[in-house]
Amino acid sequence: EAIQFATQALQKAESIAENVIIIDAQNGLGLIATEQKQYEKGRAYYQKVYDLAEKTQDWLILTNTLQHFAENYEQSFEYAQA
């Protein structure tokens, strides 16, 4: 159900161009994918968050996203990338 609700939130946020909700929804989907061991899918969501945060110069979100990337790579045993 979490995927369904996060996807709905993402679609609605994109339709009104609400960056904060877009970031939150994509981040949530990235976390879910990572927990489900779908590491590349999780990183794809994190990359979208990173790109949007970089564009809006939201340094806190950038920092948190880098942490999520590191955790994702660590869980997939890609230590050099982490």
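Return the carbon/sulfur percentage of the accessible area of the chain, one whole number, probe 1.4 Å, all protein chains in place. Please list the in-between numbers first.
Working: 2860 of 5440 Å².
Of the solvent-accessible surface of the chain, carbon and sulfur hold 52 percent.
Per residue, how much accessible area does the chain show when a 1.4 Å probe rolls over the protein heavy atoms, in square angstrom? The partial results should precede the final answer.
Values: 5440 Å² over 82 residues.
The answer is 66 Å² per residue.
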At 222 nm, what helix-only mean residue ellipticity would the chain give, in deg cm²/dmol to the nearest 500, using -39500 (n - 2.57) for each DSSP H run of four or more? -27500 deg cm²/dmol
With contacts defined as alpha carbon pairs under 8 Å and 6 or more residues apart, what's the relative contact order of the chain in percent? 21 percent
Give me the dipole magnitude in Debye, nearest 20, for the chain about the Cα centre, with unit charges on the beta carbon: positive for Lys and Arg, negative for Asp and Glu. 140 debye
Along principal axes, Cα extents of the chain, largest first, whole Å: 38, 31, 14
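The values are calculated or read from the model by the stated rules, or taken from the named source; none is laboratory data. Treat the numbers as computed from the prediction; the structure is a model and nothing was measured. We place every Cβ from the backbone using ideal geometry, glycine too, and count neighbours over all the protein chains shown. Ligands, DNA and RNA are excluded from the accessible area calculation, which covers all protein heavy atoms including side chains. Shrake-Rupley method; radii C 1.70, N 1.55, O 1.52, S 1.80 Å.
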